[in-house]
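The structure appears right after this line, and notes come after that.
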Amino acid sequence: MAARDIIIRPIVTEKTMLLQEQDNKVTFEVAKGVNKTAVKQAVEEIFNVKVEKVNISNTASKKRRVGRYVGTIGGYRKAVVKLAEGYSIDLYDKD
(Lines give C-alpha, C1' and ligand atoms only; values in the text may rest on other atoms or scores of the structure.)
Protein backbone atom coordinates (compact mmCIF):
# COMPACT_ATOMS: atom_id res chain seq x y z
CA MET A 1 0.00 0.00 0.00
CA ALA A 2 1.38 3.44 -0.94
CA ALA A 3 1.84 6.16 1.66
CA ARG A 4 -0.84 8.36 0.07
CA ASP A 5 -3.31 5.47 0.26
CA ILE A 6 -2.71 5.03 4.00
CA ILE A 7 -3.18 8.69 5.05
CA ILE A 8 -6.63 9.78 3.85
CA ARG A 9 -6.95 13.28 5.34
CA PRO A 10 -6.07 15.33 8.43
CA ILE A 11 -8.78 15.71 11.04
CA VAL A 12 -9.09 19.38 12.02
CA THR A 13 -11.24 20.12 15.06
CA GLU A 14 -10.82 22.32 18.11
CA LYS A 15 -9.57 19.36 20.14
CA THR A 16 -7.02 18.23 17.54
CA MET A 17 -5.69 21.77 17.11
CA LEU A 18 -5.24 22.01 20.88
CA LEU A 19 -3.34 18.69 20.85
CA GLN A 20 -1.13 20.00 18.06
CA GLU A 21 -0.28 23.18 19.97
CA GLN A 22 0.30 21.59 23.38
CA ASP A 23 1.72 18.11 22.72
CA ASN A 24 2.93 18.31 19.08
CA LYS A 25 0.36 15.67 18.02
CA VAL A 26 -1.36 15.58 14.62
CA THR A 27 -4.53 13.60 13.89
CA PHE A 28 -5.24 11.84 10.58
CA GLU A 29 -7.99 9.67 9.15
CA VAL A 30 -6.28 6.50 7.93
CA ALA A 31 -7.32 3.53 5.81
CA LYS A 32 -9.05 0.64 7.52
CA GLY A 33 -6.82 -2.28 8.41
CA VAL A 34 -3.47 -0.44 8.59
CA ASN A 35 -1.22 -0.80 11.62
CA LYS A 36 0.88 1.67 13.61
CA THR A 37 4.10 0.87 11.77
CA ALA A 38 2.54 1.55 8.36
CA VAL A 39 1.09 4.87 9.59
CA LYS A 40 4.46 5.91 11.04
CA GLN A 41 6.30 5.14 7.79
CA ALA A 42 3.65 6.92 5.69
CA VAL A 43 3.73 10.13 7.78
CA GLU A 44 7.54 10.18 7.77
CA GLU A 45 7.60 9.70 3.99
CA ILE A 46 4.91 12.26 3.10
CA PHE A 47 5.75 15.08 5.52
CA ASN A 48 9.52 14.44 6.00
CA VAL A 49 9.28 14.44 9.82
CA LYS A 50 10.34 12.08 12.60
CA VAL A 51 7.47 10.27 14.35
CA GLU A 52 7.85 9.37 18.01
CA LYS A 53 4.58 7.53 18.72
CA VAL A 54 1.32 6.51 17.00
CA ASN A 55 -2.06 5.76 18.61
CA ILE A 56 -4.90 4.33 16.50
CA SER A 57 -8.60 4.15 17.32
CA ASN A 58 -11.75 3.19 15.44
CA THR A 59 -14.68 5.61 15.55
CA ALA A 60 -18.11 4.04 15.31
CA SER A 61 -20.69 4.91 12.69
CA LYS A 62 -23.61 7.04 13.82
CA LYS A 63 -27.29 7.17 12.94
CA ARG A 64 -28.66 10.59 12.03
CA ARG A 65 -32.29 11.51 11.72
CA VAL A 66 -33.79 14.54 10.00
CA GLY A 67 -37.57 14.48 10.27
CA ARG A 68 -38.74 11.13 9.00
CA TYR A 69 -35.50 10.38 7.14
CA VAL A 70 -32.90 8.20 8.81
CA GLY A 71 -29.35 7.78 7.55
CA THR A 72 -25.96 6.74 8.78
CA ILE A 73 -22.60 8.46 8.89
CA GLY A 74 -19.89 5.89 8.36
CA GLY A 75 -17.21 5.20 10.92
CA TYR A 76 -13.52 5.67 10.26
CA ARG A 77 -10.09 4.83 11.64
CA LYS A 78 -8.21 7.65 13.36
CA ALA A 79 -4.48 7.92 14.06
CA VAL A 80 -2.96 10.39 16.53
CA VAL A 81 0.70 10.87 15.62
CA LYS A 82 3.17 12.35 18.12
CA LEU A 83 6.04 14.10 16.38
CA ALA A 84 9.58 14.21 17.73
CA GLU A 85 10.95 17.37 19.33
CA GLY A 86 11.72 20.08 16.76
CA TYR A 87 9.40 18.73 14.02
CA SER A 88 6.00 20.09 13.01
CA ILE A 89 3.43 19.74 10.23
CA ASP A 90 1.74 22.84 8.83
CA LEU A 91 -1.71 21.70 7.69
CA TYR A 92 -2.57 25.13 6.24
CA ASP A 93 0.45 25.65 3.96
CA LYS A 94 -0.94 26.51 0.51
CA ASP A 95 2.40 26.64 -1.35
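Do you know which residues across region 80-91 are assigned to a strand (DSSP E or B) and either at pLDDT below 90 or closer than 14 Å to Val49 by Cβ (or both)?
Result: Val81, Lys82, Leu83.
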Output for region 55-82, where each listed residue is of a type in the set (Phe, Trp, Tyr) and surrounded by 10 or more Cβ atoms within 10 Å (Cβ to Cβ): Tyr76
Working carefully through the options Glu85, Glu52, find the one that is more than 14 Å from the chain's Cα centre (by Cα), among the acidic types (Asp, Glu) and surrounded by 10 or more Cβ atoms within 10 Å (Cβ to Cβ). Glu52
Residue count for region 1-29, restricted to those that are aliphatic (A, V, I, L, M), surrounded by 11 or more Cβ atoms within 10 Å (Cβ to Cβ) and in a loop (DSSP other than H, G, I, E, B): 2
Can you tell me which residue within region 44-70, out of those that are part of a strand (DSSP E or B) and at pLDDT below 95, is farthest from Ile11 (Cα to Cα)? Tyr69
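The values are calculated or read from the model by the stated rules, or taken from the named source; none is laboratory data. Remember, predicted model here, so these are calculated numbers, not experimental data. We place every Cβ from the backbone using ideal geometry, glycine too, and count neighbours over all the protein chains shown.
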